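Q: Handing you a structure now.
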């Protein structure tokens, strides 16, 4: 079985992101599964960044613990990651001041070290590409050659990526790629301790980030309007949709702030468009008043919230799950909503579609809760099954044809709380919508009986909404002595940790929750109650999932595994923590 990690490291501005993405895509085209997690600092230039590309012949879901190979674009990266290398791992780096004639230990005496292959990447890039900026391509050529993996996929990607810049730029990049490979083959014969054999089967797979999966889910759901203000790690959603405006027939508006963004989305929803916004916790704090407006006006909106470590600016490029209770409870007074927390890019695509469908069906806000790990990681997924995608009609115009003029009541009282919905401008009818308390016709009303009736109408949706949520994901089975309970992006590490523990004959299983609100009380209680021990795994310091679990079901988690250093869980380390708490 193949399961290796190739890491590209260096300063911001050295092409770390581009090199790691090209590497991952080339390996996917060769038939491998990959998972890439960018560990980046919040700065435009300098600092230390790295992206770990995990490569396997089976599906992988989480960040690795150790690196098999490191492409270091500066010496700081060599020093930084000495202790992260597996025994006998390889490091490709620029020659030191006193170059060694053969592969040598990268570390000093007593240090964990990989085998260093010193390659003059900048010099080779300047010779074959005319600029030192192509040193990362030289490094990729050297890396693939040392793993014994063919560069066919990478060559085709370079042609595609730089075709718009002209034949000369393509030629230079291809020349740098070949020169890097030729250098290591000539000097070391192409041998190394980290091999990636060519796959015999090369099935077509997608390589997408969580952000792009959400954007694709929105497009598949018929989104027609997006307004937002840039805020990491959600910004790529806005950028992707902006690039697809003409092709998909949608409008993307960069608002002046998050307050304007949510209000634009509410206006677009009132006008009849499927509308969304995307932000992070700080931006959502500004949107909460608008969230209440959408709830009172019973207008469906979709809000994507990509969590990062806070409070305030916090760690803007790091991951955390510290806003679970905020998102599930943020409101003025009470109103129903949906909250989904997908665990993978594939699940994010389908969860976004359900957010649009259920928001429209019940005329409520729907929130897709992500985080930096899910948002920015690149995942290998099969092609999305469009047969699972729903795109229903949001309006009831056909029911109103032939009705008396001005007979429509926007907030007509119904048993399930869902009133018929018409687009403004429907012939012969008036569509009134407002954020103050109102009667069935949509006129402001302060009568106490009307208040009780209309508030009860809105809250009565919750029962049917609860029946619409999906079951938790159980892996690999529903029953075990110990249940690991998690939500969101902890899915991958928890799943692999369970595999590790079960290989050691521990009776452990995982229950992962994507549909958080309405909380599937009975189903969760049925899964967790028989277990000898329930262990929650989450990326915050207070155990917010455990709090939500006890509030909704009365079940108190026996143990908690918490992480709040801005980095995602790693499966092996997580397995050790869970194993210690199983006893």
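What follows draws every value from the coordinates through simple rules; no lab data is involved. This structure is a prediction, so every number in the text was calculated from the model and none was measured. Glycine also receives a Cβ, built like all others from the backbone with ideal geometry; neighbour counts cover every protein chain displayed.
Q: Using the alpha-carbon atoms, what tilt in degrees (0 to 90, nearest 10) does helix 544-553 show relative to the longest principal axis of the chain?
A: 40
Q: Roughly what percent of Cα-Cα pairs across the stretch 208-388 reach past 21 Å? Before the final figure, lay out the partial values.
A: Numbers: 6688 of 16290 pairs.
In whole percent, the share of Cα-Cα pairs in the stretch 208-388 beyond 21 Å is 41.
Q: Then there's this: Among 386-395, 338-347, 79-88, how do they line up from the highest to the lowest mean number of other beta-carbon atoms within 10 Å? Mind showing how you got there, number by number?
A: Values: 386-395: 12.6, 338-347: 25.8, 79-88: 16.2.
Per-residue Cβ counts within 10 Å, averaged per peptide and sorted highest first, yield 338-347, 79-88, 386-395.
Q: Something else: Can you give the convex hull volume of the alpha carbon atoms of the stretch 463-536 per residue, in Å³? Could you put the intermediate results ahead of the total?
A: Details: hull volume 5.4 nm³, N = 74.
In the stretch 463-536, the Cα convex hull volume per residue is 73 Å³.
Q: What ranking, highest mean first, results for peptides 562-572, 419-429, 218-228, 348-358 when packing means the other Cβ atoms within 10 Å averaged over each residue?
A: Values: 562-572: 19.0, 419-429: 15.2, 218-228: 23.5, 348-358: 25.7.
The densest-packed peptide leads the list: 348-358, 218-228, 562-572, 419-429.
Q: In Å and on Cα atoms, what radius of gyration and Dmax does the stretch 35-79 show?
A: Rg, Dmax (Cα atoms, Å): 12.2, 36.
Q: How tilted is helix 448-459 with respect to the longest principal axis of the chain? Cα atoms for both, answer in degrees (0 to 90, nearest 10).
A: It is inclined by approximately 40 degrees.
Q: Among 450-458, 266-274, what's the highest-first ranking by average C-beta atoms within 10 angstrom per residue? All intermediate terms of the calculation are to be shown ahead of the outcome.
A: On the way: 450-458: 15.7, 266-274: 20.0.
Top to bottom by mean Cβ count within 10 Å: 266-274, 450-458.
Q: Here's another thing I want to ask about it. Find how many whole Å separate the alpha carbon centroid of the stretch 194-245 from the alpha carbon centroid of the stretch 307-341.
A: 22
Q: If you wrap a convex hull around the alpha carbons of the stretch 122-245, what volume per residue comes out, as a whole number of Å³?
A: On the way: hull volume 19.5 nm³, N = 124.
So the per-residue Cα hull volume is 157 Å³.
Q: Thinking of the chain as a set of Cα atoms, what percent of all their pairs are more than 32 Å apart? Don't jump to the answer; show the numbers that get you there.
A: Details: 86165 of 169653 pairs.
Tail of P(r) above 32 Å: 51 percent of Cα pairs.
Q: Give the angle, between 0 and 90 degrees and rounded to the nearest 10, that separates the Cα long axis of helix 281-297 from the longest principal axis of the Cα atoms of the chain.
A: 30
Q: Still on this structure, please answer the following. Based on alpha-carbon atoms only, what is the radius of gyration of the stretch 473-582 relative to the globular estimate 2.2 N^0.38 Å? Spell out each step's value before the answer.
A: Working: Rg = 12.5 Å, N = 110, 2.2 N^0.38 = 13.1 Å.
That ratio works out to 0.96.
Q: What value in Å³ per residue do you get for the convex hull of the alpha-carbon atoms in the stretch 343-498? Provide the component values of the computation, followed by the final result.
A: On the way: hull volume 28.4 nm³, N = 156.
Given the Cα convex hull of the stretch 343-498, per-residue volume reads 182 Å³.
Q: Using only the Cα atoms of the stretch 292-412, each taken as one equal point scatterer with no solvent, compute I(q) by the Debye sum, divide by I(0), and report log10 of the ratio at q = 0.21 Å⁻¹.
A: For the requested q values the scattering log ratios are -1.22.
Q: Sticking with this structure for a sec: Determine Rg/Rh for the stretch 521-582; Rg is computed over alpha-carbon atoms and Rh is the Kirkwood hydrodynamic estimate from the same atoms.
A: Numbers: Rg = 12.2 Å, Rh = 12.4 Å.
Radius of gyration relative to Kirkwood radius: 0.99.
Q: Considering every Cα-Cα pair within the stretch 396-468, what fraction, in whole percent, is farther apart than 18 Å? Don't skip to the answer; put the middle values down first.
A: Values: 1131 of 2628 pairs.
When every Cα pair of the stretch 396-468 is considered, 43 percent fall beyond 18 Å.
Q: Using alpha carbon centroids, what distance separates the stretch 115-181 and the stretch 2-57, in Å?
A: So the two Cα centres are separated by 15 Å.
Q: Length gain on complete extension for the stretch residue 245 to residue 405, per 0.36 nm per residue less the alpha carbon to alpha carbon distance?
A: On the way: separation 160, 0.36 × 160 = 57.60 nm, distance 3.70 nm.
Answer, rounded to one decimal: 53.9 nm.
Q: Taking 2.2 N^0.38 Å as the expected size of a compact globular protein, what ratio does the Cα radius of gyration of the stretch 3-188 give against it, to two decimals?
A: Values: Rg = 15.4 Å, N = 186, 2.2 N^0.38 = 16.0 Å.
Relative to the rule-of-thumb radius for its length, the stretch 3-188 sits at 0.96.
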